[in-house]
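Okay, so here's the structure we're looking at.
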Amino acid sequence: MQIIENSTVYDAIIVGSGAGGGMATKVLSEAGLKVAVVEAGPFFDPALPEHQTQLKWPYESPRRGASTRFRPFGDFDAAYGGWDIEGEPYTQKDGSQFEWFRSRMLGGRTNHWGRISLRFGPKDFKHKDIDGHGDNWPISYEDIKPYYDKVDKLIGVFGTNEGLPNDPDGFFLPPPKPRLHELFYIKGARKTNVPVYPARLSMLTKKLNDYRGVCFYCGQCNRACQVYADFSAGTCLIFPAQKNGGQVDLFVNCMVREVTTDAEGKATGVSYINKEDRKEYKLKGKVVVLGASACSSARILLNSKSKQHPNGLGNSSDVVGKYLHDSTGADRAGFIPDLMNRKVSYNEDGVGGMHVYSPWWGDNSKLDFPRGYHIEVWGGMGMPSYGFGFNANEFNKFFGTKVGGYGDVLRSDAKKYYGAVVGMAGRGESIARKENYCEIDPTTVDEFGIPVLRFHYKWSQYEINQAKHMQDTFEEILINMGGEPLGKKPGKETNYGLHNPGNIIHEVGTTRMGDDPKTSVTNKYQQLHDVDNVFIVDAGPFVSQADKNCTWTILALSMRASEYIVDQLKQQNI
Amino acid sequence: MDRRKSLKSIVLGSVAGGLALHGCKPSAETEELVESPKMTYPGRVPLEEELIAELQEEEFLNPHEVATLTILCDLILPGSEQFKAASDADVVGFIEFMAKDNPRYQPDLRGGLMWLDHKCNTEFAKEFKDCTVEQQKSILDTIAFYDPEVPGNERPFEVNFFSLVRNLTMTGFYTTKIGIEEIGYKGNMPNVWDGVPEDVLAQHGVAYEEEWLAKCVDQSKRGVIAEWDENGNLIT
């Protein structure tokens with residue numbers, strides 16, 4: 001089959017349209033560069049009625065919002081793709097159970113995420129200096145701070161300046177008031193000596209510009225906002241870039257296979273499969289910017305083998321794919337008797353996520369694990385959807401009355417317990433280890449003939465100890481809320497409920513940055529050590545994942561790398 | 001707040017930018033969205049549409065099973081002067097779909113309905129659907145309650161069968177328009193969240209702290225474009 005070559009030579013080809021690729025699109029196109037954005041899924045815009053799932057009622061789905069293979073977070077979730085995409089497998093090694101969530105669509109996983117937008121703090125860039133684990137970043141908080149500031153103002157995030165040592169202040173929109181279950185959480189957490197602050201989420205509680213709407217509190221950010229009041233890369237970066245007159249060519253349903261190179265080993269562009277006609281195409285560009293996600297970008301590099309790059313592009317160090325790490329995660333929920341018999345007189349949907357949270361408060365020097373976690377909170381009188389009314393009166397057991405039955409008693413029990421459950425999720429930092437990695441599985445290709453990733457990942461005792469600490473803390477907080485923790489407390493046999501790696505969807509680290517080309521893939525500007533016209537703007541260059549969510553840092557670093565690209569092109573260095 | 005009206009203000013207030021982006025004036029399409037929110041199933045990718053079409057073509061329950069399940073579901077959520085019945089919300093249609101979408105429900109549902117008929121045949125020499133309500137209830141009374149301390153997979157089959165039908169009936173009912181109305185959920189429409197009402201705070205014995213409220217959004221200024229001083233203090 002002949003490869004079809006496009007004659008246009010782009011200034012930059014951006015692979016992926018999520019947080020990293022979206023930010024690169026905005027910065028590069030607004031600097032006057034002609035860019036191509038290559039996205040593996042279809043076009044998506046939540047302002048289009050035919051794309052909207054926001055404000056739909058459960059009965060508009062035949063499965064009432066139950067999850068499917070295509071939408072593991074429910075039938076109305078904006079993000080399609082999931083853990084298990086037909087025709088696009090991944091494999092495991094040595095009993096690993098890595099879970100890889102992918103969203104094939106414009107905006108990628110930013111259409112789904114919880115919008116929890118936390119800056120990394122000064123310690124997060126130099127943690128090796130503190131506890132001897134992992135590695136320091138080649139940059140410090142001061143290097144990235146100006147970009148966090150710009151991202152805050154460009155995209156919008158609510159929160160509060162609290163002057164915390166490792167959870168920096170920023171330029172925040174005002175937070176929403178806590179809901180009833182959150183007032184109970186505040187009470188219970190404080191009694192446990194866990195501090196609570198207003199959450200930091202990227203939703204517009206106040207007008208930011210004339211282009212985007214203001215949050216109307218439907219609590220459905222995961223369905224993607226039709227007035228663009230929450231952050232997703234399509235609505236807040238790529239569309240504005242187009243609107244501002246940027247030269248942006250969108251290539252959707254195009255799955256990048258590899259970065260192409262010339263005889264000198266320099267990148268010349270990318271080759272991709274058009275999913276619609278299943279033929280292979282080539283795009284030419286002066287610079288290639290990979291923002292396909294930490295694992296996908298590593299896969300593209302490892303699949304880009306040539307005479308000049310026999311071990312894969314940018315992989316002379318043999319570090320591509322190594323140091324893969326996800327956030328830790330464990331959860332617990334409880335029944336709060338004081339939240340029974342609620343008045344349903346008002347709409348408490350709020351924003352699509354928590355209004356309060358607890359950043360890490362502990363002192364790791366006194367604990368048996370080196371890094372912290374933050375606590376996310378959920379609860380409330382949510383919209384009924386699939387699962388509502390299951391075991392409707394199981395809480396009768398706490399009052400010694402019969403569980404089950406039929407007839408009108410089920411109706412009164414369902415109302416009695418509506419909104420009386422509060423849940424907590426711990427999301428923490430794991431240590432980046434070389435032994436946790438993804439690599440090319442030589443035995444398996446996807447339906448486009450592209451070799452797939454194979455994962456090798458084991459949690460260490462540190463992460464397990466951290467999960468135990470989460471469970472102890474959750475239980476104490478629930479009891480201090482006057483609640484009854486639900487289910488059996490996860491113990492040693494389940495690693496204290498620690499989720500499989502990948503499950504929290506914060507995977508980072510596969511193309512780590514560093515000053516030494518022998519031990520890192522990119523320099524501190526996310527430029528490959530081996531090839532100066534290839535950059536990585538997703539979470540691959542992270543040296544460590546903090547006890548934060550990674551998106552705000554992806555955005556800030558992508559903005560920084562993109563400005564560097566503009567500067568280097570101007571200086572004709574690349 | 002009237003849903004359509006408020007939706008209209010949002011659309012005219014802010015979506016216009018988004019629509020203009022795609023070169024369509026906020027006219028025909030926008031009006032349609034405002035005046036008649038379509039009861040559709042949007043945003044599906046082709047693979048999802050194929051699956052839905054396939055599932056809708058399949059038939060799982062036969063007419064006898066539909067009749068039996070209809071009676072059973074209406075015993076779980078009966079109709080009365082005050083309340084609508086499970087059948088008013090087509091709960092059986094929902095269960096039919098879920099059984100096809102999630103085939104692991106199928107043996108339990110089908111086997112459980114057979115169990116009911118067998119039990120009634122043994123005790124009353126009639127199938128479940130032909131028994132009197134008293135007879136039907138006398139059977140249900142033996143399977144409708146469970147011991148939550150016994151793990152689910154150790155409970156008798158017929159108890160788990162009834163729990164499954166009860167769960168699907170509850171979800172199937174309370175996710176419909178009439179069910180949502182009954183439970184009283186007030187959301188899924190544009191709103192301006194400004195805190196828990198006083199009477200609710202009082203009922204549950206909690207209160208807001210002044211210090212915390214002072215940090216929160218002043219909803220009267222939500223439409224004013226945000227500006228900050230150089231230290232990150234909001235000044236608008």
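The values are calculated or read from the model by the stated rules, or taken from the named source; none is laboratory data. A quick note: this is a predicted structure, and the numbers were derived from the prediction, not measured. Cβ atoms come from the backbone with ideal geometry, glycine included; neighbour counts cover every protein chain shown.
Structure values in brief
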| item | result |
| --- | --- |
| Check on B:GLN82, touching a helix residue (DSSP H, G or I) at 6+ places or on another chain (Cβ under 7 Å), surrounded by fewer than 15 Cβ atoms within 10 Å (Cβ to Cβ), over 16 Å from B:PHE162 (Cβ atoms) and in the same structural domain as B:GLU58 (by TED's automatic domain parsing) | no |
| Some residue of region A:523-539 being touching a residue at least 24 places away in the same chain (Cβ under 8 Å), within 25 Å of A:TYR185 (Cα to Cα) and touching a helix residue (DSSP H, G or I) at 6+ places or on another chain (Cβ under 9 Å) | no |
| Per-region count, region A:156-190, residues under 28 Å from A:LEU555 (Cβ atoms), facing another protein chain (nearest Cβ under 7 Å) and out of contact with any strand residue (DSSP E or B) (no Cβ under 8 Å at 6 or more places or on another chain) | 4 |
| In region A:387-406, the residues that are outside any loop (DSSP other than H, G, I, E, B), more than 7 Å from chain B (Cβ to nearest Cβ) and either of a type in the set (D, E, K, R) or surrounded by fewer than 18 Cβ atoms within 10 Å (Cβ to Cβ) (or both) | A:PHE398, A:PHE399 |
| Residue in region B:185-205 that is modelled with pLDDT of 95 or more, basic (Lys, Arg) and under 25 Å from the mean Cα position of the chain (by Cα) present | yes |
| Condition check for A:ARG102: surrounded by 20 or more Cβ atoms within 10 Å (Cβ to Cβ), of a type in the set (Lys, Arg) and within 12 Å of chain B (Cβ to nearest Cβ) | no |
| A:CYS221 vs. criteria farther than 30 Å from B:GLU210 by Cβ, modelled with pLDDT of 95 or more, buried (at least 24 other Cβ atoms within 10 Å of the Cβ) and more than 8 Å from chain B (Cβ to nearest Cβ) | no |
| Among the candidates B:GLY172, B:GLY152, residue that is buried (at least 21 other Cβ atoms within 10 Å of the Cβ), farther than 19 Å from A:THR401 by Cβ and either under 24 Å from the mean Cα position of the chain (by Cα) or facing chain A (nearest Cβ under 10 Å) (or both) | B:GLY172 |
| Selected residue (only one of A:GLY312, A:GLY321, A:GLY334 is in contact with a helix residue (DSSP H, G or I) (Cβ under 8 Å, 6 or more places away or on another chain) and within 30 Å of A:GLN471 (Cβ to Cβ)) | A:GLY334 |
| Flag for A:GLY156 being at pLDDT 95 or above and surrounded by fewer than 20 Cβ atoms within 10 Å (Cβ to Cβ) | no |
| Candidate set: region A:160-178, residues that are of a type in the set (Asp, Glu) and within 22 Å of the chain's Cα centre (by Cα); chosen: the one surrounded by the most Cβ atoms within 10 Å (Cβ to Cβ) | A:ASP167 |
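Residues checked against (1) under 17 Å from A:ALA19 (Cβ atoms); (2) surrounded by fewer than 23 Cβ atoms within 10 Å (Cβ to Cβ); (3) of a type in the set (A, V, I, L, M, F, W, C); (4) at pLDDT 95 or above:
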site: A:ILE554; (1), (2), (3), (4): yes, no, yes, yes
site: A:GLU563; (1), (2), (3), (4): yes, yes, no, yes
site: A:VAL566; (1), (2), (3), (4): no, yes, yes, yes
site: A:LEU569; (1), (2), (3), (4): no, yes, yes, yes
site: A:ASN573; (1), (2), (3), (4): no, yes, no, no
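The rows are residues; the columns are (1) in contact with a Cys (Cβ under 7 Å, 6 or more places away or on another chain); (2) of a type in the set (A, V, I, L, M, F, W, C); (3) in a loop (DSSP other than H, G, I, E, B); (4) at pLDDT 95 or above.
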position: A:ARG257; (1), (2), (3), (4): no, no, no, yes
position: A:GLU276; (1), (2), (3), (4): no, no, yes, no
position: A:GLN308; (1), (2), (3), (4): no, no, yes, yes
position: A:GLY314; (1), (2), (3), (4): no, no, yes, yes
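Yes/no per residue for (1) more than 8 Å from every other protein chain (Cβ to nearest Cβ); (2) without any contact (Cβ under 8 Å) to a residue 40 or more places away in the chain:
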site	(1), (2)
B:THR122	yes, yes
B:GLU181	yes, yes
B:ASN191	no, no
B:VAL217	no, yes
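Residue-wise test of (1) surrounded by fewer than 17 Cβ atoms within 10 Å (Cβ to Cβ); (2) facing another protein chain (nearest Cβ under 8 Å); (3) aliphatic (A, V, I, L, M).
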residue	(1), (2), (3)
B:VAL165	no, no, yes
B:THR176	no, yes, no
B:PRO197	yes, yes, no
B:HIS204	no, yes, no
